[in-house]
Amino acid sequence: MSNVTSTPIDMNRTAAPATAPKRSRGPRLTGVVWLTWRQHRAAYWTILAGAAFSVLWMTIQRADLIDFLTIHGWPGELSADWVQGAGTYSAMFNKVGLGLGFIPLVLGVFLGAPLLAGDLESGTAKLVTSQTVSPNKWLAAKLGISTVVVVVCMTAISLVFGWWWAPVKDENNILDWTAGAAFDNTGLVPVALTLFTVVGGVAIGMVLRRTLLAMVVTFVFGVVVQVVWAMNRLNLGQVVTRTTDKGVDGSSFPKVPSGSLQLDQSYVTGAGDTLGTSTCVHAASKEARAVCLEKADIVGWSVDYLPMSQMSGMQWLGSSILLGMTAAVAGFIFIWTRKRLV
Amino acid sequence: MDLGGPPEESAIEAYGVSKRYRRGWALRECSFRLPAGRICGLVGPNGAGKTTLMAMAANLLEPTNGSLKVFGAAPESAEAGRRTAFLAQEKPLFRRFTVAETLRLGRELNPGWDQQAAESIVRAGDVPMHAKIGTLSGGQRTRVAFALAFGKRPDLLMLDEPMSDLDPLVRHELMGTLLAAAAERGTTVLMSSHMLSELGDVCDFLLVISTGGLRMAGDVDEILSAHMLLQGVDNAPGQGRNPSPEVPADLARHTVIEYRTSGRQASALIRPDGPVSDRWQSHTPHLEELLLSYLRCPDAPALISPGAQVPGRLHGSETEAA
């Protein structure tokens, strides 16, 4: 009996693969990597093609933008009237930015949710795990390859979007850096948001074990992620407060750096307290108002704002939080499947 | 009967294995051993726990209580995984893969893959290598699934209702392939089936489970010779068929599995304990008759033959070895 069990591996390896695949593009894949790529190749190729198309599209848009800017003196000082023709470019940034914002949701629903749910629903998970391969290895291949595809595509999109935007980055009226269209499509944020939604979708599919249901729930999950993220995006920054003591009339309002997002403005008293800007608004005359301001001891302005210099830091912080949660969900997937995969 | 310890290697040893789903117990306190090299039939009504038992041996499920060993190793060990192949009832395959790609899957994921064995099974059914699995008929798909299980060159091949969607001709051919391959390599085969008559031709070992418990386990010949089918005249005829007639007093000393009357005709399946009164005509039952009786009477005392027992386990009060 036991002599049968020790069939030499090499002998069987060389046992004529008479049905070898016709040809293979690129490196020859083996084992679970081959299986994962073969199983999901339609999805992976679609994602890669979509990313390539986006990159190409944005490259063309950038060329267009550069043509326009060059007419108005770019890369030197822009002529004063350049803003008049910039509306279409601003609209394009916002439109593309909005569109790219849907990528995490789309990939979560169409790549993440079915990744395990499909195999669990159709029973192919049983097929794979009853071969000589550990479930963990298979799972790692599935998550790993999907992660690589997502990271490659989203990094490319992020870099090209940032490159397109760079010439007009300081112009808040083209694209506001605090808006999702800019903040979520540059730096590490699009990579992290997409990874989190996709891995979340995988976990949802693994628990629910039904593809369609998992896709619906992942859609809801993705929307919630976007909403929570949008609501907390600005909390990632450190609000800067600038106060003045030159009164509150005329041109005494403090200058904040260009591109800053002004969050709040108020009067400040000699004692350092802030008062709403509606203070003394009911004064009948200019003199009465001056008396009123005097009486309230208002000495100047207090302005809260987020300078654009914080953008990168905020993106890193937010991305690390998202990636940390992604890692936690991935850990959950491995722990769950150790108990019960099929 | 050999009452000594089990001499051969065990393909499967189960120690008080139980499995509970949310609905309730699927399998309760199953203890048995399946000696290596046997062709074992796994019989039981629908929902008896056959699939659950196989899935646990194939490391697709974990027992709630108790433990299983496959060739002495835990089912989750790499060793056991390499030596077992499991063909699930629904025969899952990737629908968008071609037949050739499906076989490549076997080659990529199994170090001991036998491409020739797998290909010859596929070719015997004229299944085109470049057809997508999704376009194949049910029987062709089963054939490919079979090829995948065989190509792994397992030492323990578990087949869950393998023949249910095959025509009789193909069934016969695939069974022939199965038995030839098993005999050649000494493969242990565990297969569940509802086709009792065919099991009799194929199997030399039996496991019968019903309502979650093990009813019978052991060598087919041993099991058959331990039983006696009696026919005679009923002493107290009821009206027509009596579903639960009273067992005559002269049978009380034997273990009565089933006693049925039809008019004045009475028949009984017993495990004799001493001589039987000569008012009965006795003969050895066919396997199918025996199995039917056990399946009809789930309350009958279990029979675990010595060769099917694991050491250190209580096998019910009626154990033959006691």
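The values are calculated or read from the model by the stated rules, or taken from the named source; none is laboratory data. In this text, all values refer to a predicted model and were calculated from it rather than measured experimentally. Here the Cβ is made from the backbone with ideal geometry for all residues, glycine too, and neighbour counts use every protein chain on show.
Checked against the criterion of being surrounded by 11 or more Cβ atoms within 10 Å (Cβ to Cβ), within 16 Å of A:G50 (Cα to Cα), out of contact with any Pro (no Cβ under 8 Å at 6 or more places or on another chain) and assigned by TED's automatic domain parsing to the domain that holds A:V223, the candidates A:G97, A:G87, A:G112, A:G73 yield just one match: A:G97.
Of all residues in the stretch A:246-299, those that are touching an Asp or Glu at 6+ places or on another chain (Cβ under 8 Å), among the aliphatic types (A, V, I, L, M) and either part of a loop (DSSP other than H, G, I, E, B) or over 30 Å from A:Q310 (Cα atoms) (or both) total 1.
For the structure I just gave you, tell me whether B:E108 is within 12 Å of chain A (Cβ to nearest Cβ), without any contact (Cβ under 8 Å) to a residue 24 or more places away in the chain and of a type outside the set (V, I, T). Yes.
Just a yes or no: is a residue in the stretch A:269-284 among the hydroxyl-bearing types (S, T, Y) and touching a Leu at 6+ places or on another chain (Cβ under 9 Å)? Before you say what the answer is, go through the steps one by one.
Let us first name the residues in the stretch A:269-284 that are among the hydroxyl-bearing types (S, T, Y), namely A:269, A:274, A:277-279.
Next, from what is left, pick out any that are touching a Leu at 6+ places or on another chain (Cβ under 9 Å): A:269, A:279.
Within the stretch A:269-284, one or more residues are among the hydroxyl-bearing types (S, T, Y) and touching a Leu at 6+ places or on another chain (Cβ under 9 Å).
So that you can scan it fast, the table gives a plain yes or no per residue for (1) among the charged types (D, E, K, R); (2) in contact with a helix residue (DSSP H, G or I) (Cβ under 6 Å, 6 or more places away or on another chain):
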| site | (1), (2) |
| --- | --- |
| A:A51 | no, yes |
| A:S54 | no, yes |
| A:T59 | no, no |
| A:R62 | yes, yes |
| A:D67 | yes, no |
| A:W74 | no, no |
| A:L78 | no, no |
| A:V83 | no, no |
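Return yes when B:A117 is aliphatic (A, V, I, L, M), more than 21 Å from B:P162 (Cα to Cα), surrounded by 14 or more Cβ atoms within 10 Å (Cβ to Cβ) and assigned by TED's automatic domain parsing to the domain that holds B:G37 and no when it is not. When the stated conditions are applied, B:A117 does not pass them. Annotation: A:D304 fulfils all but one of (1) touching a helix residue (DSSP H, G or I) at 6+ places or on another chain (Cβ under 7 Å); (2) not in a helix (DSSP H, G or I); the unmet one is (1).
Pairs linking a residue in the stretch A:247-274 that is more than 30 Å from A:A166 (Cβ to Cβ) to a residue that is among the small types (G, A, S) and loosely packed, with under 14 Cβ neighbours inside 10 Å, with Cβ atoms under 9 Å and 6 or more positions apart or on different chains, are A:S266/A:G276; A:Y267/A:G276.
The condition of being more than 13 Å from chain A (Cβ to nearest Cβ) and either small (G, A, S) or out of contact with any His (no Cβ under 7 Å at 6 or more places or on another chain) (or both) does not hold for B:A55. Scanning the stretch B:70-90 for residues that are more than 16 Å from B:P154 (Cβ to Cβ) and not acidic (D, E) gives B:A74, B:Q89. Is there a residue being over 18 Å from the mean Cα position of the chain (by Cα) and farther than 13 Å from B:D155 by Cβ anywhere in the stretch B:24-45? Yes, the conditions are met somewhere in the stretch B:24-45.
Inspect the stretch A:194-206 for any residue being among the hydrophobic types (A, V, I, L, M, F, W, C), surrounded by 14 or more Cβ atoms within 10 Å (Cβ to Cβ), over 30 Å from A:G123 (Cβ atoms) and touching a helix residue (DSSP H, G or I) at 6+ places or on another chain (Cβ under 8 Å) and give the result as yes or no. Don't jump to the end; show me each part of the working.
To start, the set of residues in the stretch A:194-206 that are among the hydrophobic types (A, V, I, L, M, F, W, C) comprises A:195-196, A:198-199, A:202-204, A:206.
If we keep only those that are surrounded by 14 or more Cβ atoms within 10 Å (Cβ to Cβ) as well, we get A:195-196, A:198-199, A:202-204, A:206.
Pick out the ones that are also over 30 Å from A:G123 (Cβ atoms) and you get none.
No: the stretch A:194-206 contains no residue that is among the hydrophobic types (A, V, I, L, M, F, W, C), surrounded by 14 or more Cβ atoms within 10 Å (Cβ to Cβ), over 30 Å from A:G123 (Cβ atoms) and touching a helix residue (DSSP H, G or I) at 6+ places or on another chain (Cβ under 8 Å).
Residues of the stretch A:180-211 that are under 13 Å from A:V96 (Cα atoms), outside any helix (DSSP H, G or I) and not acidic (D, E): A:N185, A:T186.
So in the stretch B:58-73, with the set limited to residues that are within 14 Å of another protein chain (Cβ to nearest Cβ) and closer than 15 Å to B:G16 by Cβ, which one is modelled with the lowest pLDDT? Write out each step before concluding.
As a first pass, look at the stretch B:58-73 and keep what is within 14 Å of another protein chain (Cβ to nearest Cβ): B:58-64, B:70-73.
Okay, now just the ones that are also closer than 15 Å to B:G16 by Cβ, so B:62-64.
On the way: B:E62: 87, B:P63: 90, B:T64: 91.
The selected residue is B:E62.
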